[in-house]
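Below: one structure, written as C-alpha cells.
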Amino acid sequence: MNSPVGIFDSGFGGLTVARAIVDQLPGEDIIYLGDTARAPYGPRPIAEVRQYALACLDALVDMGVKALVIACNSASSAVLADARERYAIPVAEVVLPAARRAVRVSHKGRIAVLSTQATATSGAYADAVAATGVDLMTAVCPRFVEFVEAGITGGEELLGVAQEYLEPVTDYGADTVILGCTHYPLLSGVISYVLGDEVTLVSSAEECANSTYALLAREGLLAPKTQGIRRFLTTGSPDRFARIASRLLGDFVSTAEACEELSLEHVRVEL
Ligand code: DGL
C-alpha cells in the first residue's frame with residue numbers, strides 16, 4: 001500500500017525510530033511528527049500526555065497514513081490501548097518489543113529500565129515483564145531528554161548526570177538495561193561508557209523498528225512502489241527542528257515543516 005507510515009514522538013527522540021525504520025525499509029514514505037512545542041512529555045501527568053499524544057496521532061491519521069508508530073515510550077505507556085481502539089489502521093509502539101528483547105537477552109534475569117517519569121509512573125515495563133519472572137528496576141532520567149532536546153550528546157555535565165542516574169543501576173547489578181525512552185539511544189555512548197561493556201543495552205527504538213517491519217509485513221502493507229519520501233513536521237519552530245535534528249542525526253533530516261493541522265486549539269481533542 002502506497003500511503004506513508006506516520007511516526008510520532010514528543011520531540012527528537014522518535015527520530016531514532018524513524019532512522020531505524022528507514023534503514024530497514026528505505027522505500028517506505030514516512031511522515032514524522034515531533035510535538036516539540038509541548039516536549040518534554042516525561043514530567044507531565046499521564047492524562048495530559050494522553051491528550052497531546054491522541055491529538056498528534058489524530059493529525060497523522062487525518063494526513064492519510066497507513067500505519068501509526070508511537071515512537072515514544074511515555075506516549076505508548078499512556079495511550080496504546082486507546083489508540084488501538086480509536087484507529088482503524090495498525091499501531092506499532094515501543095514498550096513491548098523492548099521488554100521482550102530484554103527478557104530474551106538477559107542472562108541473569110536482572111533488568112533495569114531507564115525512562116521518563118511518565119513511563120515509570122504508568123508501570124508499563126513492569127506490566128510487560130510481569131509474567132516472565134525477571135527482576136526489574138526503573139531509573140528515572142529526566143535530564144537526559146533535556147540534553148537531547150538541546151542537541152547535546154556529550155561533555156562533562158552530561159557525564160556527571162549520567163554517573164548520578166546510573167549508580168543505582170550498577171548497584172542493582174543489572175546485566176541488561178533498556179533504553180526506555182527513544183531519546184536515550186542518542187546518548188548510548190555516555191550510557192554505555194558509565195555502565196561498562198558487560199552490560200547489554202536494549203534500544204526501544206531499534207526494537208520498535210523491527211516490530212514495525214513485522215507489523216507492515218503481517219498486514220500486507222509493505223510498499224512496493226513508494227519513493228522513500230520523508231517529511232518531518234513539528235509543532236514548534238521548523239528551523240530549530242531542522243538545526244537540532246541535523247546536529248543529532250547528520251543529514252537524515254534536511255528540512256522540517258510546521259504542522260498546520262496541529263494548532264494549540266486542535267489539542268483540545270474530544271477524548
Ligand atoms: N521520547 C520520549 C519517550 O520515549 C519522551 C521524552 C519526553 O518528552 O519526555 O519517552
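The values are calculated or read from the model by the stated rules, or taken from the named source; none is laboratory data. This structure is a prediction, so every number in the text was calculated from the model and none was measured. In this analysis, Cβ positions are derived from the backbone assuming ideal geometry, glycine residues included, and neighbour counts consider all displayed protein chains. Surface accessibility is based on the protein's heavy atoms, side chains included, excluding ligands, DNA and RNA. Shrake-Rupley method; radii C 1.70, N 1.55, O 1.52, S 1.80 Å.
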Could you tell me whether L249 is within 29 Å of A37 (Cβ to Cβ) and either touching a helix residue (DSSP H, G or I) at 6+ places or on another chain (Cβ under 7 Å) or buried (at least 19 other Cβ atoms within 10 Å of the Cβ) (or both)?
yes
Pairs, first under 17 Å from A39 (Cα atoms) in the stretch 171-189, second surrounded by fewer than 23 Cβ atoms within 10 Å (Cβ to Cβ) and among the polar types (S, T, N, Q), C-beta under 7 Å, six or more apart:
L186/T153
Identify all residues within the stretch 5-48 that are polar (S, T, N, Q), touching a strand residue (DSSP E or B) at 6+ places or on another chain (Cβ under 8 Å) and over 18 Å from D251 (Cβ atoms); write none if there are none.
S10, T36
Among (1) within 15 Å of the ligand (Cβ to nearest atom); (2) open to solvent by 40 Å² or more (accessible area, probe 1.4 Å), where does F12 come up short?
(2)
I'd like the full set of residues that are under 11 Å from A139 (Cβ atoms) and either touching a Gly at 6+ places or on another chain (Cβ under 7 Å) or open to solvent by 60 Å² or more (accessible area, probe 1.4 Å) (or both), limited to the stretch 102-115.
V113, L114, S115
Could you tell me whether any residue of the stretch 129-144 is aliphatic (A, V, I, L, M), in a helix (DSSP H, G or I) and within 16 Å of the ligand (Cβ to nearest atom)?
no
Across (1) modelled with pLDDT under 95; (2) buried (at least 21 other Cβ atoms within 10 Å of the Cβ), G180 clears everything bar (1)
Looking at P43, P4 in this structure, which one is modelled with pLDDT of 95 or more, open to solvent by 60 Å² or more (accessible area, probe 1.4 Å) and either on the phi < 0 side of the Ramachandran plot or within 16 Å of the ligand (Cβ to nearest atom) (or both)?
P43
Between E93, E28, which is buried (at least 24 other Cβ atoms within 10 Å of the Cβ), away from the ligand (no atom under 12 Å from the Cβ), within 30 Å of Q227 (Cβ to Cβ) and charged (D, E, K, R)?
E28
Where V145 falls short, out of the listed (1) open to solvent by 20 Å² or more (accessible area, probe 1.4 Å); (2) touching a Pro at 6+ places or on another chain (Cβ under 6 Å):
(1)
In the stretch 186-238, what residues are assigned to a strand (DSSP E or B) and open to solvent by 20 Å² or more (accessible area, probe 1.4 Å)?
T200, L201, S203, R230, R231
Kindly evaluate V49 against the criterion of being within 13 Å of the ligand (Cβ to nearest atom), surrounded by 24 or more Cβ atoms within 10 Å (Cβ to Cβ) and of a type in the set (A, V, I, L, M).
yes
Selection within the stretch 148-158 - open to solvent by 30 Å² or more (accessible area, probe 1.4 Å) and at pLDDT 95 or above:
I152, T153, G154, G155, E156, E157
